[in-house]
């Protein structure tokens, strides 16, 4: 077994815990909403944002698997950076749905009051994701057609640009469109991904 894979297996535990905490927080918050569903004013925008946060956790699992053979993943600063990014991912998940649901809860009001914080965290996460992409790509990959390289950089840049825009935009229509764009980019980027 190559040293990169052994190092990856060693570090996988903490990565798994951080990703698992993100998924668990969304699941627990959603469970609380369902338990008090008669007192909840539902809002599809909040549920879509939480769904996207959940998808972020899943695609990070795919990305972490995808870098297991890189020698660069064995460095201390890489681990600190990745743990920091996964910590931000947990904050995104925790901010996606309200924590306390013990009385009347209006998810539309929650989104209006929370959206700037939520999308700022998503933008921070996407900025770190982009930086890791540059780190692994090392500039323009050699031997790939220009169109493929352009698509690759667009798929890495678009989520950062969209999440920054959602920090500023107040229009719910634009938030729906931004989330739709994020889901499309995610499907283009990960639709054919496999863990094998």
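Okay, residues lined up against (1) in a helix (DSSP H, G or I); (2) more than 17 Å from the chain's Cα centre (by Cα); (3) under 13 Å from residue 136 (Cα atoms); (4) modelled with pLDDT under 90:
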| site | (1), (2), (3), (4) |
| --- | --- |
| 52 | yes, no, no, no |
| 55 | yes, no, no, no |
| 58 | yes, no, no, no |
| 61 | yes, no, no, yes |
| 64 | yes, no, yes, yes |
| 72 | yes, yes, yes, yes |
| 79 | yes, yes, no, yes |
| 84 | yes, no, no, no |
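Please indicate, with yes or no, whether at least one residue in the stretch 94-105 is at pLDDT 95 or above, exposed (fewer than 14 other Cβ atoms within 10 Å of the Cβ) and either in a helix (DSSP H, G or I) or at negative phi (or both). No, the stretch 94-105 has no match at all.
Does the stretch 27-35 contain at least one residue that is assigned to a helix (DSSP H, G or I), over 19 Å from residue 104 (Cβ atoms) and at pLDDT 90 or above? Taking every residue of the stretch 27-35 in turn, at least one turns out to be assigned to a helix (DSSP H, G or I), over 19 Å from residue 104 (Cβ atoms) and at pLDDT 90 or above. On the stretch given as the stretch 157-196, residues that are assigned to a helix (DSSP H, G or I), more than 16 Å from residue 118 (Cβ to Cβ) and out of contact with any helix residue (DSSP H, G or I) (no Cβ under 8 Å at 6 or more places or on another chain) total 6. Scanning the stretch 36-50 for residues that are outside any helix (DSSP H, G or I) and in contact with a helix residue (DSSP H, G or I) (Cβ under 9 Å, 6 or more places away or on another chain) turns up 40, 41, 42, 43. Being in contact with a strand residue (DSSP E or B) (Cβ under 8 Å, 6 or more places away or on another chain), in contact (Cβ under 8 Å) with a residue 24 or more places away in the chain, farther than 22 Å from residue 178 by Cα and surrounded by fewer than 17 Cβ atoms within 10 Å (Cβ to Cβ) is not true of residue 70.
The values are calculated or read from the model by the stated rules, or taken from the named source; none is laboratory data. These figures come from a predicted structure and were not determined experimentally. FYI the Cβ positions are ideal-geometry reconstructions off the backbone, even for glycines, and counts take in every protein chain you see.
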